[in-house]
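Asks: Okay, handing you the structure first.
The values are calculated or read from the model by the stated rules, or taken from the named source; none is laboratory data. Keep in mind it's a predicted model, so treat the numbers as computed, not measured. Every residue, glycine among them, receives a Cβ derived from its backbone with ideal geometry; neighbour counts consider all protein chains shown. The protein model used for the area step is the full one, side chains on, heavy atoms only, and it has no ligands, DNA or RNA in it. Shrake-Rupley method; radii C 1.70, N 1.55, O 1.52, S 1.80 Å.
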Amino acid sequence: MNFEVIAPYCGLYMEGSTVNVYYLQTEDLVREYVFGNEKDAQDFYNSAKNLDEFMVNVPEGKEELYHQEFLEQIIKDKTYELIVHEAIPEKEREAS
């Protein structure tokens, strides 16, 4: 699986009606958005990809948070399931 890096802080991957958003600086490994149809998924993918144009005045280090908030506003009227896959914290990896 190859994802497209759309900004220094974010990558995207789409398959069918599922869009994965990878935020490169957070503890979330991936935020998986599952839509009821491919059109909604494609619209979401395009919106996520184009949001970087509006991020020029966002404070450094806050890009991922703002991007996430903008996406939530864009899809607030859509039907979707959000699955957040978190990276295993380093302390937990060492303990196992």
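Asks: Just the number please: accessible area per residue for the chain, 1.4 Å probe, all protein chains included, in Å². All intermediate terms of the calculation are to be shown ahead of the outcome.
Replies: Numbers: 6420 Å² over 96 residues.
Accessible area per residue: 67 Å².
Asks: Describe numerically, in nm with one decimal, the distance between label points set 7 Å from Cα along Cα→Cβ at residue 66 and at residue 34.
Replies: Once both label points are built, they end up 3.2 nm from each other.
Asks: Using θ = phi - 60° and the Karplus relation 6.51 cos²θ - 1.76 cosθ + 1.60, list the HN-Hα couplings for the stretch 44-58 in order, rounded to whole Hz, with x at every Gly or Pro.
Replies: 5, 4, 5, 5, 4, 5, 8, 5, 4, 4, 9, 9, 5, 9, 6
Asks: Another question, then. Relative contact order (percent) for the chain, with alpha-carbon contacts under 8 angstrom and 6 or more residues of separation?
Replies: On the way: 134 pairs, mean separation 27.0, N = 96.
With pairs under 8 Å counted, the relative contact order is 28 percent.
Asks: Same structure again: What trypsin sites (Lys or Arg not before Pro) in the stretch 27-85 are in a loop by DSSP, with at most 14 other Cβ atoms within 10 Å of the Cβ? Numbers along the way, then the final one.
Replies: Values: sites: 31, 39, 49, 62, 76, 78; in loops: 62, 76, 78.
Passing sites in the stretch 27-85 are 62, 76, 78.
Asks: If you don't mind, another one. Amide H to amide H, which residues 5 or more places from residue 29 or on other chains are under 5 Å from it, using H placed in the peptide plane?
Replies: 85, 86, 87
Asks: For residue 49, give me every one of the aspartates and glutamates with a C-alpha distance below 17 angstrom, ignoring sequence neighbours fewer than eight places off in its own chain.
Replies: 4, 15, 32, 38, 40, 63, 64, 69, 72
Asks: Once you treat every alpha carbon in the chain as an equal point and sum by Debye, what is log10 I(q)/I(0) at q = 0.15, 0.16, 0.21 Å⁻¹?
Replies: Log10 I(q)/I(0), no solvent term: -0.59, -0.67, -1.06.
Asks: If you take every residue apart from residue 21 with its C-beta less than 12 Å away from the C-beta of residue 21, what net charge results, scoring Lys and Arg +1 and Asp and Glu -1?
Replies: On the way: positive: 31, 49; negative: 4, 28, 32, 64, 72.
Counting the neighbours of residue 21, the net charge comes to -3.
Asks: Right, something else. Could you calculate the FRET efficiency of residue 52 with residue 79 from 1/(1 + (r/R0)^6), where r is the beta carbon distance between them and R0 is 25 Å, rounded to 0.05?
Replies: The computed FRET efficiency comes out at 0.45.
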